[in-house]
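Encoded as structure tokens, the structure appears first; notes follow it.
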């Protein structure tokens with residue numbers, strides 16, 4: 001089985017922070033979206049730009065549960081790690097954690113749904129995505 005985790009480090013920048021000097025919580029969602037894009041392209045070998053562009057597919061978040069455990073500040077190196085928790089017919093559940101300086105900063109569970117950008121309707125996970133994910137699931141789901 002392949003490693004079920006994908007990790008990537010992102011620098012916390014001034015633009016991520018609020019006037020208090022800590023990451024403004026919606027910016028964690030921006031960073032987690034970068035992680036999903038990078039995971040598709042670098043981890044799964046499926047160009048996310050092609051997925052959205054020529055293939056006209058989308059993967060919006062439809063359910064989100066986040067815990068913000070410790071603040072992150074400008075200059076921190078935030079390592080985000082994702083794990084596939086579940087693959088459904090059209091949905092994909094991801095568990096994401098963020099760590100910096102040896103501390104757990106955030107924990108998130110996201111449910112994403114494959115959609116056609118032309119119709120806006122949910123569709124089955126594309127065959128190449130399903131094949132790439134099959135080796136990553138820690139628990140088989142149909």
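Points worth noting:
- Scanning the stretch 35-44 turns up no residue that is in contact with a helix residue (DSSP H, G or I) (Cβ under 7 Å, 6 or more places away or on another chain) and closer than 18 Å to residue 75 by Cβ.
- Filter pass, residue 42 being out of contact with any strand residue (DSSP E or B) (no Cβ under 6 Å at 6 or more places or on another chain) and closer than 24 Å to residue 136 by Cα: yes
- Qualifying residue in the stretch 81-94 (condition: closer than 20 Å to residue 18 by Cα, surrounded by 15 or more Cβ atoms within 10 Å (Cβ to Cβ), in contact (Cβ under 8 Å) with a residue 60 or more places away in the chain and within 14 Å of the chain's Cα centre (by Cα)): no
- Residue match in the stretch 118-138 (condition: under 17 Å from residue 4 (Cβ atoms), surrounded by 15 or more Cβ atoms within 10 Å (Cβ to Cβ) and under 12 Å from the mean Cα position of the chain (by Cα)): no
- Annotation note: Cβ proximity below 6 Å between a residue of the stretch 14-28 that is in contact (Cβ under 8 Å) with a residue 24 or more places away in the chain and on the phi < 0 side of the Ramachandran plot and a residue that is in a helix (DSSP H, G or I) and surrounded by 10 or more Cβ atoms within 10 Å (Cβ to Cβ) (sequence gap 6+ or interchain) occurs for 16/27; 23/16.
- From 80, 31, 35, residue being modelled with pLDDT of 95 or more and assigned to a strand (DSSP E or B): 80
- Residue count for the stretch 3-50, restricted to those that are within 16 Å of residue 134 (Cα to Cα) and loosely packed, with under 13 Cβ neighbours inside 10 Å: 2
- Residues of the stretch 95-117 satisfying the condition of being crowded, with 16+ Cβ neighbours inside 10 Å and either modelled with pLDDT under 95 or outside any strand (DSSP E or B) (or both): 114
The values are calculated or read from the model by the stated rules, or taken from the named source; none is laboratory data. Here the structure is a predicted model, which means the values were calculated and not measured. Don't worry about glycine lacking a Cβ; one is built from the backbone with ideal geometry, like all the others, and counts go over all protein chains shown.
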